[in-house]
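Here is the structure we will look at, set down as structure tokens.
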Amino acid sequence: MLMCRGLAEIASDYIDGELNGRQNLSVKLHLMMCRHCRTFVGNLRTSIHLMKAHSSAHPDADVLRRIDARVTEALSAKKSGKSNDE
Amino acid sequence: MDKAVHTESEAALIDDLKRGDSLAYRKAVRDYSPAMLSVARFYLDHSSAEEIVQDCWVTVIDAIQKFEGRSGLKTWLHRIVANRCKNTLRSSNREVATDFSESLEPELANRFNSTGRWDLPPKLKFHESADTLMEKGALSDCLDKHLSALPESQRSALMLYEAHQHKSEDVCNILDISASNLRVLLHRARQRIFLMVETFQESGEC
Ligand SMILES: [Zn+2]
């Protein structure tokens, strides 16, 4: 029988729909009976959403500026002297 | 299958890049570099990773002419970055060392008793929606701190899979890891974020 620890181990696979039918059923049955695991899976889901919302809103501004500068430089070098193929 | 990712706006962007349009490059650098950095940081330290991503863009200026769009632009860029990183590692005889052995974070594993039941169950429900929680600046700062403290391998997997929505198969190819190892990385990273949010909700501290 699936215990709480075992469920915690495969909780991400459950959330992403990566479990096979039998495993998926045993998680569902456990969740029906266990409040703690329901809270755990719900909180793990919220954590994933948080992470997604956060990372899309916070790019690495300085690094991006440096990349942009390098690309701009390379582009203008290419335009001014077509000869120096690298 | 990547064809579906190939939107009209991407096709237009690719045409502009082929013409060497500098505004198009600016947009592409802004949109695509964060994920390229995630790929590179899986393999290399931050400053080498940045250098590789810069070099890749310079290569792209010429290579884009031969880009046929069989894969999406994103996947194509990520393969270029990954190949460069692998070459760099190979020439310096280094390897990416990652621990895939445990599927639970120790801090979480300790919360079960010997019969496998919760000893210290999660106390609070993260009742608020993600958006409401994010409006609190302190939580956002805390996430920043914890995301940057993740092992690089976990962070790269998390970013590519969740934030940049790559399919598992693509992430495995780009990072050169098996599907089951990707699952471990994702799950470990998510647990850390879960533990962080839990501490934050209970104590208001990061
Ligand atoms: Zn349980």
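Numbers for the structure displayed
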{"read-out": "Complete set of residues in region A:6-46 that are within 9 Å of the ligand (Cβ to nearest atom), under 24 Å from the mean Cα position of the chain (by Cα) and open to solvent by 80 Å² or more (accessible area, probe 1.4 Å)", "value": "A:ARG38"}
{"read-out": "Residue identified as buried (at least 18 other Cβ atoms within 10 Å of the Cβ), within 11 Å of chain A (Cβ to nearest Cβ) and free of Cβ contacts under 8 Å to residues at least 24 places away in the same chain among B:LEU37, B:LEU17, B:LEU23, B:LEU108", "value": "B:LEU37"}
{"read-out": "Verdict on B:LEU120 being more than 8 Å from every other protein chain (Cβ to nearest Cβ) and within 16 Å of the ligand (Cβ to nearest atom)", "value": "yes"}
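The values are calculated or read from the model by the stated rules, or taken from the named source; none is laboratory data. As the structure is a prediction and not an experimental result, all values here were calculated from the model. Positions of Cβ are generated from backbone atoms using ideal geometry, with glycine treated the same way; all protein chains shown enter the neighbour counts. Heavy atoms of the whole protein, side chains included, go into the accessibility calculation; ligands, DNA and RNA do not. Shrake-Rupley method; radii C 1.70, N 1.55, O 1.52, S 1.80 Å.
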